[in-house]
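The values are calculated or read from the model by the stated rules, or taken from the named source; none is laboratory data. Every value quoted in this text rests on a predicted model; they were computed, and no experiment measured them. Glycine gets a Cβ as well: all are built from the backbone with ideal geometry, and neighbour counts include every protein chain shown.
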Amino acid sequence: MFPYFTFLGQTYQLFALLGLLALFVASGVAYIRAHKMGLSYFDMLMGIIFLGVGLAIGGSILHALVNIPVVWSNQIYLFDAPFLFLRLAFGGLIFYGGLIGALIAMPLYAKYLKVDLSTLIVFIIPVFPLAHSIMRIGCFMAGCCYGIEHDRLGIAFTRSLSAPNGINLLPVQLFETIANIFIFTALYQYTKRPRKPLYILCFYGLSYASIRFVLEFVRGDNVRGFIFLFSTSPFISVFVVIICISALIYDKVLVQQE
């Protein structure tokens, strides 16, 4: 739709700029609540950077894993053009991989701040969907992660490097943006009172996985990996739901035993 723009002779990718905006907005919202604990905006900014690095690494690794056939078919470039090969393998991001990477980075960040991990979860997890909603706008502008053809509700891209131009496609990216804003609002309200970190994680996991499962069936791009006839995300979504429900049941059983 609007993948890049030129300013003072320099060309900028709007997706990258929206990624930076997501970083600053998320850290700012986290700070609004974290400053009561004596944490500074710099602490929050460093936290979002920690998580952002984990997200980028995890998302890139999962992208390479689900696209092994494509990567393998281009193995000739491994020695002839290594940078091109790395771009083919790790040049994309898959959100679930990024989420796993960010969750792995959280304990490292808690150690850096010298705060309890459970405390960190309370004001960091709710900003995940907020940052994600902004980045999905970047996906829409770039034309990636597009939806299936739809004459009435579709939007035609004209400058996309990923989506087919001139064809009405469902703006799945914007649907996910709206869904993430709702999740953020609900999580923000939910965490105003003391909650178990497990409940916060499961609240987010169940909410997003359910929405992502549905939206994957109206996605039209073919670069996100497939298992049989379905893309990888519905399978991961089901796995996330099973883990969250199992964790909540296990926690309830422990409480009753106590």
Candidate set: the range 40-64, residues that are assigned to a helix (DSSP H, G or I) and small (Gly, Ala, Ser); chosen: the one surrounded by the most Cβ atoms within 10 Å (Cβ to Cβ): GLY47
Name the single residue, out of those in the range 214-240 being buried (at least 19 other Cβ atoms within 10 Å of the Cβ) and of a type in the set (A, V, I, L, M, F, W, C), that is modelled with the lowest pLDDT. ILE236
Going residue by residue through the range 73-93, is there one that turns out to be at pLDDT below 80 and closer than 22 Å to PHE184 by Cα? yes
Scan VAL115, VAL127 and give me the residue that is closer than 21 Å to ILE200 by Cα, of a type outside the set (Ser, Thr, Tyr) and at pLDDT 85 or above. VAL127
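Per-residue answers, yes or no, for (1) free of Cβ contacts under 8 Å to residues at least 24 places away in the same chain; (2) surrounded by 20 or more Cβ atoms within 10 Å (Cβ to Cβ); (3) within 20 Å of LYS196 (Cβ to Cβ):
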site	(1), (2), (3)
PRO107	yes, no, yes
LYS111	yes, no, no
CYS139	no, yes, no
ILE148	no, no, no
Pick from ILE211, ILE245, ILE178, ILE183: which is surrounded by fewer than 19 Cβ atoms within 10 Å (Cβ to Cβ), among the β-branched types (Val, Ile, Thr), touching a helix residue (DSSP H, G or I) at 6+ places or on another chain (Cβ under 9 Å) and under 18 Å from ILE134 (Cα atoms)? ILE178
